[in-house]
Amino acid sequence: MTTPADTVHDKVDTVNLPAPYATESVKNFSKVIGWPAGKMPVAPTGFTVTKFADSLDHPRWIYVAPNGDIFVAESNHPHGAKDPKSANRITILRDADKDGVPELRSVFLTDLNEPFGMLVIGNNFYVANTDAVLQFPYTPGSTSITAKGKLIVKLPGGPRHWTRNIISNAKQDKIYIAVGSSSNVAENGIDKETRRADILEVNVDGSGERVYASGLRNPVGMDWAPGTQTLWTAVNERDELGDDLVPDYMTSVKDGGFYGWPYSYYGQHLDPRLKDKQDPALVARAIVPDIALGPHTASLGLVFYTGNNFPATYRSGAFIGQHGSWNRSVFTGYKVVYVPFNNGKPSGKMQDFLTGFISDESKKEVYGRPVGVAVLKDGSLLVADDGGNVLWRVRGNN
């Protein structure tokens, strides 16, 4: 089956997928050692990287409010007794003079449950916990919220793919919620995946919920392509089929679209682990993603560049934060990449943008792990490094 997404994808790159299990599935976890003094990520020539904030506790996601205030979700999902607990807070940073040094840093909101996505609409501040979207009263310029949040959408929480991102439309009358699957390929039963592996749409009061798009194993980053009304998302695809399966991807999101999970990947490529549980009708309409971002990269962050500090070649393109692999014999990801766009469509191949996160692969050591990306009001790019507990600022030298 050919879809509009196929056509766009073929213009940019061709993905030649190996057969399942062409290589052994391996567990190759990295060890975060932190950033030594004077060491930092590397951007292309013509850019300067500086430390915007440090000593954070798993800064996972960044949201820039309409007034320029910067909110950081410090959040983690413990997997065992030895794992660190989640800070479960949102910190506010304010850099009013735009010199790259925040004059204000304060705890904005606490007592949350693995918070991630954040959103300001009017006099409301929304937070997406792992199990709910909450609405808080908000006054622009305030430095904290002490009021109790109002539950507007209850969500399925953990155990896998715990982050919940949120974004509004241009009219700000709808909220879109990215909810990842609770498993790799529905091995615990498809009945456990209700309202998961989806992007949900609700009204701003939480009513009117519907599934906007489905079959997205773990959609996290969401943004609207500049000059269009097209939503895009970065998706963390399935594991345990070998080194080069399945590529994570970035794709336009079609209302009512189905993207394959768990039955198939990259269109109609059937997952052999579900051969007795297939849904042929769904597979027949599975949409091919627009851009491959590499297998097991954990591509999670996504933002379109709408500033004017970077050179013109970066305008309206997409930056993607890749948290890094664990299911590949050779590390992949652990960087921020860039995909050029023209007239709302991909116009070139993925490029490395911010690298240097891997310290010594032979020792499985990395300095940090980038996730969320955001464009500040001055046009610089902010990157959340939840492994290194740092926010990095990248600015063009113009």
*asked:* List the strands (runs of 3 or more DSSP E) inside the range 354-398, counting only whole elements, that have at least 2 residues being among the hydrophobic types (A, V, I, L, M, F, W, C) and within 17 Å of Lys51 (Cβ to Cβ).
replied: 370-375, 381-385, 390-396
*Determine the pairs where a residue that is within 16 Å of Asp111 (Cβ to Cβ), located within the range 130-145, has a partner that is aromatic (Phe, Trp, Tyr) and in a loop (DSSP other than H, G, I, E, B) with Cβ atoms under 6 Å apart, the partner being 6 or more residues away or on another chain.*
Thr130/Trp162
*Look through Val101, Val127, Val133 and report the one residue that is β-branched (Val, Ile, Thr), farther than 24 Å from Arg196 by Cβ and either at pLDDT 95 or above or over 24 Å from the mean Cα position of the chain (by Cα) (or both).*
Val101
*Check whether at least one residue in the range 239-252 is touching a residue at least 60 places away in the same chain (Cβ under 8 Å), within 29 Å of Ser329 (Cα to Cα) and small (Gly, Ala, Ser), and report yes or no.*
yes
*State whether one or more residues within the range 288-300 are farther than 18 Å from Thr251 by Cα, touching a residue at least 60 places away in the same chain (Cβ under 8 Å) and hydroxyl-bearing (Ser, Thr, Tyr).*
no
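Confirm whether Asp276 is farther than 25 Å from Tyr338 by Cβ, within 20 Å of the chain's Cα centre (by Cα), surrounded by fewer than 24 Cβ atoms within 10 Å (Cβ to Cβ) and not aromatic (Phe, Trp, Tyr).
No.
With Thr306, Thr332 as the choices, which residue is surrounded by fewer than 20 Cβ atoms within 10 Å (Cβ to Cβ) and among the polar types (S, T, N, Q)?
Details: Thr332 fails: surrounded by fewer than 20 Cβ atoms within 10 Å (Cβ to Cβ).
Matching residue, one of Thr306, Thr332: Thr306.
Just to be sure, is Phe357 among the aromatic types (Phe, Trp, Tyr) and surrounded by 22 or more Cβ atoms within 10 Å (Cβ to Cβ)?
Values: among the aromatic types (Phe, Trp, Tyr): yes; surrounded by 22 or more Cβ atoms within 10 Å (Cβ to Cβ): yes.
Spelling it out, Phe357 is indeed among the aromatic types (Phe, Trp, Tyr) and surrounded by 22 or more Cβ atoms within 10 Å (Cβ to Cβ).
Residues are listed down the side, and each one gets a yes or a no for (1) surrounded by 15 or more Cβ atoms within 10 Å (Cβ to Cβ); (2) within 30 Å of Leu274 (Cα to Cα); (3) touching a Gly at 6+ places or on another chain (Cβ under 7 Å):
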site: Asn169; (1), (2), (3): no, no, no
site: Asp173; (1), (2), (3): no, no, no
site: Ile177; (1), (2), (3): yes, yes, no
site: Glu187; (1), (2), (3): no, yes, no
site: Asp191; (1), (2), (3): no, yes, no
site: Ile199; (1), (2), (3): yes, yes, no
site: Asn203; (1), (2), (3): no, no, no
site: Gly206; (1), (2), (3): yes, no, no
site: Arg210; (1), (2), (3): no, yes, no
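The values are calculated or read from the model by the stated rules, or taken from the named source; none is laboratory data. Owing to the predicted nature of the structure, the values given are computational and were not obtained by experimental measurement. A quick note on method: Cβ atoms are made from the backbone with ideal geometry, for glycine too, and the neighbour counts reach across all protein chains shown.
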